[in-house]
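Read through the structure below, which is laid out as structure tokens, and then see the notes.
The values are calculated or read from the model by the stated rules, or taken from the named source; none is laboratory data. None of these values were measured; they are calculated from a predicted model. Cβ placement follows ideal geometry from the backbone for every residue including glycine, while neighbour counts extend to all protein chains displayed. Note: areas computed on protein heavy atoms with side chains; ligands, DNA, RNA excluded. Shrake-Rupley method; radii C 1.70, N 1.55, O 1.52, S 1.80 Å.
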Amino acid sequence: MQWFMSYDRLSELLEIRKEECLRKVYQFKSAKPQMTLSGGFHEVDGDLLVDFLAWSLELDEVAEEFLKGGIFFSERPLFELRESYKTLIQKTIANHKLDRELILLLTAATVDFDDAVDSYLMDKFEIDFFVRRSIHQFLEKFEIHPEFGAEEFLYEYLKSLIPTKILNFRDITREFRDRTYYELYGRFRETKKKKKKIVKTVSIELKDLLAFFDLEPGANITDVKKKFKELLKKYHPDINKKGEEMTKRIILKYNRLVELLGT
């Protein structure tokens, strides 16, 4: 599944002069800003090569020919392969007769029910079987020639996605897990609610008000009242003839700070 189509070879296959081929490539690139000119097309540029040939030759079936040749797989057939893998697992375990004794033994030995089901399914089925079987069906459906390594490529492709969210095993077998829980305990299992981390955020305004009263973040109403009284004693007009404006500021800021702390 690793290949390189040089512009020289491409011009030969298209039966045009190299200069004409390069002219077409540059013209094509003007509409494909993500395309890099590296002397030709690598397998990672397969979608670009398909689009270039479809545009250059005015053919619609280029992608299908690449697919049948087992040379390049676009996202659409790969998506279909992933879905067939999921469906195969779901259909197989849906027709499976539950071994109640084993699953009860495993649930008693583990804290998490999903862990017990994982162990149960791993005991009864081989993931590799589902991978190989879905690939075999995929190759047969599209009549793909395997001689260029398509089967090995698709195997590595699926295996690399199994640990990810794309082919998460627990998501694929969710219906089986819920049904099994109901069969064992006679009730629907509750959906686990993720605990939200409570993060206390201090606004800029609140920080400024606390700083005005010489208080640290986390100060309570009692602390605020204490500082408020201290400042009033210092700046009250009866004590400080120049403290009238400051007293007004203290009162305004105190009321606002109490309001913010209250919410």
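What's the center-to-center distance, using Cα atoms, between region 23-97 and region 214-263 in Å?
69 Å
Once the piece of chain linking Glu101 and Glu75 is laid out straight, how much longer is it, given 0.36 nm per residue of separation minus the C-alpha distance between them?
Going from the current span to full extension adds 5.1 nm.
Please report the projected area of region 52-168's Cα convex hull averaged over all directions, in nm².
Reported value for the Cα convex hull: 8.8 nm².
Once amide H atoms are placed 1.01 Å from N in the peptide plane, what residues at a sequence separation of 5 or more from Ser6, or on another chain, have their amide H within under 5 Å of its amide H?
It is Phe41, by chain and number.
Would you list the P(r) distribution for the chain, with all Cα-Cα distances sorted into 5 Å bins from 0 and each bin expressed as a whole %?
The percentages, shortest bin first, are 1, 5, 9, 9, 8, 7, 6, 5, 5, 6, 6, 7, 6, 6, 5, 4, 3, 2, 1, 0, 0.
Leaving out ligands, DNA and RNA, and with a 1.4 Å probe, what % of the accessible surface on the chain is carbon or sulfur?
53 percent
So what's the back-of-envelope 222 nm ellipticity for the chain, counting only DSSP H runs of four-plus at -39500 (n - 2.57) apiece and dividing by all residues, rounded to 500?
Estimated from H runs of four or more residues: -19500 deg cm²/dmol.
Structure shown: which of Lys86/Lys141; Lys91/Lys124; Lys29/Lys68; Lys68/Lys124; Lys124/Lys159 lie over 23 Å apart, alpha-carbon to alpha-carbon?
Lys29/Lys68; Lys68/Lys124
Obtain the radius of gyration and the Kirkwood radius of region 4-59 from its C-alpha atoms and give Rg over Rh.
Taking Rh as the inverse mean 1/r over Cα pairs, Rg/Rh reads 0.91.
Please list Leu121, Leu215 from largest to smallest accessible area, probe radius 1.4 Å, with all protein chains kept in place.
Result of the area sort, largest leading: Leu215, Leu121.
Starting from the coordinates of the alpha-carbon atoms of region 108-244, obtain the Kirkwood hydrodynamic radius over all distinct pairs and give the value in Å to one decimal.
After inverting the pairwise mean of 1/r, the radius is 22.2 Å.
When only alpha-carbon atoms are used, what values of Rg and Dmax, in angstrom, describe region 201-256?
11.7, 39
Give, rounded to the nearest 20 debye, the magnitude of the charge dipole that the chain has about its Cα centre when Lys and Arg contribute +1 at Cβ and Asp and Glu contribute -1 at Cβ.
In total the dipole reaches around 2820 debye.
If you roll a 1.4 Å probe over the heavy atoms of the protein chains, what accessible area per residue do you get for the chain, in Å²?
69 Å²
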